[in-house]
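Peer 1: Here it is, the structure in full.
The values are calculated or read from the model by the stated rules, or taken from the named source; none is laboratory data. Just so it is clear, the structure is predicted and the values come from calculations on it, not from any experiment. We place every Cβ from the backbone using ideal geometry, glycine too, and count neighbours over all the protein chains shown.
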Amino acid sequence: MQYKALEVLFPEVDNWEKEFFLIAGPCVIEGEQITVEIAKELKRITEKLEIPFIFKASYLKANRTRLDSFTGIGEEEGLEILKKIKDDLKIPVLTDIHDAMDAFIVAPYVDVLQIPAFLSRQTDLLVSAAETGKVVNIKKGQFSSPESMKHAVDKVIQSGNEQVLLTDRGTFFGYQDLVVDFRGIPKMQAIGVPTIMDCTHSLQEPNQSRGVTGGQPEMIEAIARAAIAVGANGLFIETHPEPAKAKSDGANMLAIYKMESLLSRLKQIKSVINNF
C-alpha cells in the first residue's frame, strides 16, 4: 500500500502500519464560534492520545433531501472559517465538493478535497479534484462494490495525483437502511490506498418519509471497534456538542464529550493488534 496522501498530511508519522488517523468534525459549518470550538476540542483530544487528526466540516451541503434543509452559512464565509482553523490551529482541514469548478475554488482553503459517495463516479469531479494537487478522499458509493472503487482511484491517479484516500460509508439495504461489510476494508486497501471507515454516515437511516435522515448513534462504537480490529487506516466520525440541536445529520453524530473515551478505547484495541 502506498501512503503518499498520509505522508503529505502527517510527515512526522514514521510507521503507518501501527497507526490509525481520525477525520472528525461537524457535518456542516453552523457558525464560526461553534466550529472553532469543536476543532480546538478535537485537537486537544487527539494530541493527548497521539492520534493524527484531520478536521472535517462541510462549507456547503448540496445533497439535501428537502428544499428547506440547512445548507450552510454562505460559501465564502464557510471557507474562511476552514482556513482560519487550518492556519490558527495548524491542523489539516477537509471539506467536500459537489461540482468540478468547486475544486479550484475550494482548494486554496483546505488540505483535503472529499468526493461525496453519491458523486464517486463523476469523472469530471474526480479529475478536477486531482488537478488541484490536494489530497483527494473518495467516499465509496452506497451503490458500489469495494472492488469497483479501483476505477475512481485510477481516475485521480491517471490525472497526475497519487494522493488518494478511500472511505467506506456502508451499502444500501432496502430503502431505509445501510449495512457495513467489513470485508470491504481490506478489499479497498488492496487497491493500494489507505482506507477509512465512516462510523457515522454508515449508521444513517436515509429516505425517511419526513425528509429528515435518521440514525443509530448508539452503534458508532461498535462500527469503530470493528474497523480498527479489521485494520482500517483511519476513522471518520462526525461530532457536535449537542447532536439533537445540530442543523444537519444530528441523528447519527457522536456527542463530542464521548469522543475522548471512545478514542482511548480504540487506541487500546490498536495496541493489542500491533502486538500480534
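Peer 1: Quick check on region 150-170. Is at least one of its residues closer than 19 Å to Ile54 by Cβ, at pLDDT below 95 and outside any helix (DSSP H, G or I)?
Peer 2: yes
Peer 1: Here's something else I'd like to know. Going by the conditions given, is Ala62 within 28 Å of Asn233 (Cβ to Cβ) and at pLDDT below 95?
Peer 2: On the way: within 28 Å of Asn233 (Cβ to Cβ): yes; at pLDDT below 95: yes.
Taking the combined requirement at face value, the residue satisfies it.
Peer 1: Identify the residue in region 172-207 that is touching a Gly at 6+ places or on another chain (Cβ under 8 Å) and of a type in the set (Val, Ile, Thr) and, among all such residues, is modelled with the lowest pLDDT.
Peer 2: Residue satisfying both the conditions and the ranking: Val179.
Peer 1: Is there any pair with a first residue in region 164-187 that is of a type in the set (Ser, Thr, Tyr) and a second that is surrounded by fewer than 16 Cβ atoms within 10 Å (Cβ to Cβ) whose Cβ atoms are under 7 Å apart and which are 6 or more apart or on different chains, and what are they?
Peer 2: Thr171/Val179; Thr171/Asp181; Tyr175/Asn207
Peer 1: Next up: Across region 221-276, what is the number of residues that are part of a loop (DSSP other than H, G, I, E, B) and free of Cβ contacts under 8 Å to residues at least 12 places away in the same chain? Break it down into steps so the answer makes sense when it comes.
Peer 2: Going through region 221-276, the residues part of a loop (DSSP other than H, G, I, E, B) turn out to be 231-233, 241-242, 246-249, 253, 275-276.
Cutting the leftovers down to free of Cβ contacts under 8 Å to residues at least 12 places away in the same chain gives us 275-276.
Here the count works out to 2.
Peer 1: Which one is nearest to Thr195 (Cα to Cα), of the residues in region 1-16 that are assigned to a loop (DSSP other than H, G, I, E, B) and free of Cβ contacts under 8 Å to residues at least 12 places away in the same chain?
Peer 2: Start the filter on region 1-16 by keeping residues that are assigned to a loop (DSSP other than H, G, I, E, B), which leaves 1-3, 10-16.
Then keep just the ones that are free of Cβ contacts under 8 Å to residues at least 12 places away in the same chain; that gives 11-12, 14-15.
Values: Pro11: 18, Glu12: 20, Asp14: 18, Asn15: 16 Å.
For region 1-16, the residue satisfying everything is Asn15.
Peer 1: With the condition kept exactly as written, say whether any residue in region 244-262 is crowded, with 21+ Cβ neighbours inside 10 Å, in contact with a helix residue (DSSP H, G or I) (Cβ under 8 Å, 6 or more places away or on another chain), at pLDDT below 80 and within 22 Å of Ile73 (Cα to Cα).
Peer 2: Yes: one or more hits.
Peer 1: Provide a single number: the residues in region 179-197 that are out of contact with any Asp or Glu (no Cβ under 8 Å at 6 or more places or on another chain) and part of a strand (DSSP E or B).
Peer 2: 1
Peer 1: Would you please list the contacts, defined by Cβ atoms under 9 Å and residues six or more apart or on different chains, that run from a residue in region 82-106 that is of a type in the set (Lys, Arg) to a residue that is surrounded by 15 or more Cβ atoms within 10 Å (Cβ to Cβ) and not in a helix (DSSP H, G or I)?
Peer 2: Lys83/Val93; Lys83/Val110; Lys86/Phe55; Lys86/Pro92; Lys86/Val93; Lys86/Val110; Lys86/Asp111
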